[in-house]
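Encoded as structure tokens, the structure appears first; notes follow it.
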Amino acid sequence: MPDSKGFTLSIVVPAYNEGEVLPEFHRRLSAVMDTLNCAWEVLYVNDGSTDNTIDVMHQLRAPHVAIIDLSRNFGKEIALTAGLDHARGDAAVVIDADLQDPPEVIPELIQKWQEGYDVVYARRTTRDGETFFKKLSAKSFYRVIQRVSRVKIPADTGDFRLLSRRAVDALTQLREQHRFMKGLFSWIGYPQTAVYYQRKPRFAGQSKWDYWLLWNLALEGITSFSIAPLKIATYAGLLTSLGSFSYASFIIYKTLVYGDPVKGYPSLMVVILFLGGVQLMSIGVIGEYLGRMFNETKRRPLYFVQNHIPSSVKERPDSIITTTGQQNERTTR
Ligand code: UDP
Ligand code: MG
């Protein structure tokens, strides 16, 4: 671990239509970083914004500011990865541009890192400015994923965290297309710990997440880290077969003992529709996984960079990223 003065910190900021917020974010971040006795760079990743975000980034240009302009909108998870790929520091902090993650927490993250933790995640104690339903759905999601997956994903944690160099290197080796970052952060292992903070409402602009996107993120999380849904299909099948077997025995018994004429149209319909439903659902579940396999097998690069302006921080000797921002070669290892 480098001593308190000799290290360099990279701050990775994915931004999609954050033109309104960025100047204020930059001001607050700089205020915090200037009190720290260390070298630092901030990497602004423009994730194909449709507003003036890229112009604002260029206005903020300074020796310690790096700009990574992606070729289109790839989504937060990939924007974040692009930032980490280009981070040159001894540790990297991942933070949202909208000031929901207060930069003032960064010194605490650094302190824990210096105590020897590789991943220091910021855990929120409050979620101001979010609806009851959003809080409830977030809570149930963490509960479900904890149940069905072996990877422990801490609840109430966003992407705001500090990663040591070896954690960054581990993470950048994971090149899957379906990136559920919260899961990947945990998956890499290494000593991890939490720091608590209060999550604020957005400073300006709008959240890019609606419930449909959140639902898809939840699906992504579960299907990337668990095959429990596939097993559920097996057990549902087993249960229905057992059920129908007992029902069949019951009918045979009734016919033999009481000589009941077979009258079964309604029950037949119910059983057929029920089974049809179960089968369709199971095929759907298999489809979810198959679709993900399909996307992974194409092995496409995660993103393309149309313009990369590096900071003045020296490139790491072991870095294999070309300055034009083409795909990290580590993929092929
Ligand atoms: N973001 C991004 N690409 C996207 C969507 C979002 O880089 O396609 C960034 C966004 O600019 C912000 C962060 O990801 O810095 C979190 O986004 P947002 O505030 O919309 O999410 P929430 O805080 O509601 O979870
Ligand atoms: Mg936000």
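Just one of the listed residues (TYR142, TYR117, TYR121) is free of Cβ contacts under 8 Å to residues at least 60 places away in the same chain and surrounded by 15 or more Cβ atoms within 10 Å (Cβ to Cβ), namely TYR142. Among residues belonging to the stretch 282-318 that are exposed (fewer than 14 other Cβ atoms within 10 Å of the Cβ) and among the aliphatic types (A, V, I, L, M), point out the one that is farthest from the chain's Cα centre (by Cα). The extreme case among them is ILE283.
Considering ASP98, ASP34, the condition of being without any contact (Cβ under 8 Å) to a residue 60 or more places away in the chain and among the charged types (D, E, K, R) is satisfied by ASP34 alone. Only one entry in VAL45, VAL105, VAL12 is within 16 Å of ligand 2 (Cβ to nearest atom), assigned to a strand (DSSP E or B) and either on the phi > 0 side of the Ramachandran plot or out of contact with any Pro (no Cβ under 6 Å at 6 or more places or on another chain) (or both), namely VAL12. Filtered by the rule that a residue be more than 22 Å from PRO63 (Cα to Cα), of a type in the set (A, V, I, L, M, F, W, C) and surrounded by 22 or more Cβ atoms within 10 Å (Cβ to Cβ), the stretch 88-114 gives LEU109, TRP113. Which of the residues belonging to the stretch 15-42 are of a type in the set (D, E, K, R), modelled with pLDDT of 90 or more and part of a helix (DSSP H, G or I)? Hits for the stretch 15-42 are GLU24, ARG27, ARG28. When the stretch 50-86 is filtered for residues that are assigned to a loop (DSSP other than H, G, I, E, B), of a type in the set (Gly, Ala, Ser) and within 11 Å of ligand 1 (Cβ to nearest atom), only GLY75 remains. Answer with yes or no whether GLY277 is of a type outside the set (A, V, I, L, M, F, W, C), under 41 Å from the mean Cα position of the chain (by Cα), more than 30 Å from ILE68 (Cα to Cα) and surrounded by 12 or more Cβ atoms within 10 Å (Cβ to Cβ). It is false that GLY277 is of a type outside the set (A, V, I, L, M, F, W, C), under 41 Å from the mean Cα position of the chain (by Cα), more than 30 Å from ILE68 (Cα to Cα) and surrounded by 12 or more Cβ atoms within 10 Å (Cβ to Cβ).
Of all residues in the stretch 48-100, those satisfying the criterion of being away from ligand 2 (no atom under 16 Å from the Cβ), among the charged types (D, E, K, R) and within 18 Å of MET33 (Cα to Cα) are ARG61, ARG88, ASP90. Restricting LEU268, LEU275, LEU213, LEU230 to those that are under 30 Å from ALA82 (Cβ atoms) and assigned to a helix (DSSP H, G or I) reduces the list to LEU213. Count of the stretch 17-42 residues, restricted to those that are touching a Pro at 6+ places or on another chain (Cβ under 8 Å) and over 19 Å from ASP101 (Cβ atoms), is 0.
Taking the stretch 152-184 only, how many residues are farther than 16 Å from TRP113 by Cα, in contact (Cβ under 8 Å) with a residue 60 or more places away in the chain and within 16 Å of ligand 2 (Cβ to nearest atom)? Total meeting the criteria: 3. Any chance the stretch 196-217 includes a residue that's surrounded by fewer than 19 Cβ atoms within 10 Å (Cβ to Cβ), at pLDDT 80 or above and of a type in the set (Gly, Ala, Ser)? No, because not a single residue in the stretch 196-217 is surrounded by fewer than 19 Cβ atoms within 10 Å (Cβ to Cβ), at pLDDT 80 or above and of a type in the set (Gly, Ala, Ser).
The values are calculated or read from the model by the stated rules, or taken from the named source; none is laboratory data. Computed from a prediction, not measured in an experiment: that's the story for all the values here. FYI the Cβ positions are ideal-geometry reconstructions off the backbone, even for glycines, and counts take in every protein chain you see.
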